[in-house]
Amino acid sequence: MVGMKPKDVMPSAAVKFFGAGTAACIADLVTFPLDTAKVRLQLQGESQIAEGVGALKYRGVFGTITTMVRTEGARSLYNGLVAGLQRQMSFASVRIGLYDSMKQFYTRGTESAGIVTRLMAGCTTGAMAVAFAQPTDVVKVRFQAQVRLADGERRYNGTIDAYKTIARDEGVRGLWRGCMPNITRNAIVNCAELVTYDMIKELILKYNLMTDNLPCHFTAAFGAGFCTTVVASPVDVVKTRFMNSGHGQYSSALNCAFTMLRNEGSMAFYKGFMPSFLRLGSWNIVMFVTYEQIKKGMSRTQQYWESPF
């Protein structure tokens, strides 16, 4: 990321890798109920078609959260948290932590990185992350989507049980369900999120609007969250629907998208937009602010050990 002063010690790739994963986990802990509400709203169109037009259960972000707490208990807001944290440690570490390294790779070590280079770096780390973290994303979505039945029965009894059940019933490929739409989504998200954050922060520092501190990080993260939500919502909805679908419900992600368009109209691609924005905006703020502080803290520690006097 931009903003390091010449006297600062540049954080190593390992610091960025683990720092990004840790910061993303902290952000998930804070914003997970909003993410769960987003998933329920995105899936609501399917339940309406299956149960009838009058089956509208969730209305708005806070209405969804209130309904879930009333009917399923407060713990339902954190369904899939374990898989979510597993996802962030394996996923965010790659797509965010290796972003700077990938920029340097494409620029062959030079300092200047244009918009094309940043977009290429964002697409690359986003695709790499999905390649091995997809099963954690599938399990997270399945847990967030499941509703506790009247007799207390659940679709999955735990995180490990979910991995085993999906692999047994749907094959190993079931754990990578929705991989292609997820790669598409994360290429878009990574570019919108990291590149927007990078460029907003760079402009703020270039024109001396703020110093490289918390208000600067907050502003850049908020802008990145909004841009990401606008660009990524359609792919995110398709990804959520396809990941949660039963075996054979959709023949492909494209079939899922066309089915949504035919049955629910174009606005279906923006279902859950407000919780998506609230979640992505707040997630970006918590994650980037925490990530910047971790990097600075590790840099100071490195400076101290290298020159204690």
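The chymotrypsin sites (Phe, Trp or Tyr not before Pro) found in the stretch 153-207 that occupy coil by DSSP, while having at most 14 further C-beta atoms within 10 Å, are TYR207. Per-residue ellipticity at 222 nm, computed for the chain from helices alone with -39500 (n - 2.57) per DSSP H run of at least four residues, works out to -24500 deg cm²/dmol.
Projected label points at GLU202 and THR71, each 7 Å from Cα along the beta carbon direction, are separated by 4.7 nanometres.
Taking GluC sites (Glu not before Pro) in DSSP loop states with no more than 12 other Cβ atoms inside 10 Å as exposed sites, the chain has its longest site-free stretch at 154-309. Under the criterion of Cα pairs below 8 Å and six or more residues apart, the relative contact order for the stretch 201-275 equals 25 percent.
Sorting the Cα pairs of the stretch 178-271 by distance into bins of 10 Å, from 0 upward, gives 16, 36, 23, 16, 8, 1 percent per bin.
Angle, helix 61-72 long axis vs. longest principal axis of the chain, Cα atoms, 0 to 90°, nearest 10? Helix 61-72 sits at roughly 60 degrees to that axis.
Computed from the Cβ-Cβ distance with R0 of 51 Å, the FRET efficiency linking THR301 to ASN263 stands at 0.40.
Could you calculate the contour length gain from ARG155 to ARG108, that is, 0.36 nm times the residue separation minus the distance between their Cα atoms, to one decimal place in nm?
12.0 nm
Which links in LYS140/LYS271; LYS239/LYS296; LYS201/LYS271; LYS206/LYS296; LYS38/LYS201; LYS38/LYS296 stretch past 26 Å when you go from one Cα to the other? In this structure, LYS239/LYS296; LYS201/LYS271; LYS38/LYS201; LYS38/LYS296 exceed 26 Å between Cα atoms. Structural size metrics of the chain, computed from C-alpha coordinates, are Rg and Dmax of 20.2, 73 Å.
Angle, helix 13-51 long axis vs. longest principal axis of the chain, Cα atoms, 0 to 90°, nearest 10? Its long axis makes an angle of about 20 degrees.
Read-outs: derived from the displayed coordinates by stated rules, not from any lab. Model, not experiment: these values are computed from the prediction. Positions of Cβ are generated from backbone atoms using ideal geometry, with glycine treated the same way; all protein chains shown enter the neighbour counts.
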